[in-house]
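Engineer: My questions will all concern the structure given below.
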Amino acid sequence: MHIGVLTMTFSLPGCGSLKEKRQRIGGMHERFGRNPAVAVCESGEQNKHDASEWSFVVVANSKREVEAQCSQIEDKIQRSVEGRVINVTRELL
């Protein structure tokens, strides 16, 4: 088994409340948590309304599969989140 951790930090310009933040970022658990090989959580400071950090833990049989899954997650988020991705880190454990 191979494990990868993908962490993405978002800037949410113009976001004025935690409710609005949830609307912009909402659905991360539903979109990515359905896959049994992926665990999702909001990992950064959760009370900031103009920024958000999310971590995705991916488990697969090979490093190649982990990298492919991380790339898919990153691509989908880049297209769907109403904000700017300001930092992405990947770590293979």
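Here, each number is a calculation from the coordinates, and none is a lab measurement. Predicted, not measured: the structure shown is a model, and the values here were computed from it. With ideal geometry, Cβ positions are generated from the backbone for all residues, glycine too; neighbour counts draw on all protein chains shown.
Engineer: Within region 70-79, is even one residue among the basic types (Lys, Arg), out of contact with any helix residue (DSSP H, G or I) (no Cβ under 9 Å at 6 or more places or on another chain), surrounded by fewer than 12 Cβ atoms within 10 Å (Cβ to Cβ) and free of Cβ contacts under 8 Å to residues at least 24 places away in the same chain?
Structural biologist: Yes: region 70-79 contains one or more residues that are among the basic types (Lys, Arg), out of contact with any helix residue (DSSP H, G or I) (no Cβ under 9 Å at 6 or more places or on another chain), surrounded by fewer than 12 Cβ atoms within 10 Å (Cβ to Cβ) and free of Cβ contacts under 8 Å to residues at least 24 places away in the same chain.
Engineer: Six or more apart or on different chains, Cβ atoms under 8 Å: show the pairs whose first residue is in region 26-41 and loosely packed, with under 15 Cβ neighbours inside 10 Å and whose second is in a strand (DSSP E or B).
Structural biologist: That search, which allows pairs on different chains as well, returns His29/Val40; Gly33/Ala39; Gly33/Val40; Ala37/Val58; Ala37/Val59; Ala37/Ala60; Cys41/Trp54; Cys41/Ser55.
Engineer: Looking only at region 1-58, how many residues end up being within 28 Å of Leu92 (Cα to Cα) and part of a helix (DSSP H, G or I)?
Structural biologist: Residues flagged as within 28 Å of Leu92 (Cα to Cα) and part of a helix (DSSP H, G or I) within region 1-58 amount to 6.
Engineer: Please indicate, with yes or no, whether at least one residue in region 5-14 is closer than 22 Å to Ala60 by Cα, in contact with a Lys or Arg (Cβ under 8 Å, 6 or more places away or on another chain) and aliphatic (A, V, I, L, M).
Structural biologist: Taking every residue of region 5-14 in turn, at least one turns out to be closer than 22 Å to Ala60 by Cα, in contact with a Lys or Arg (Cβ under 8 Å, 6 or more places away or on another chain) and aliphatic (A, V, I, L, M).
Engineer: Another question, then. Mind telling me which of the residues Glu53, Glu67, Glu91 ends up being of a type in the set (Asp, Glu) and surrounded by fewer than 13 Cβ atoms within 10 Å (Cβ to Cβ)?
Structural biologist: When all the criteria are applied, what remains is Glu91.
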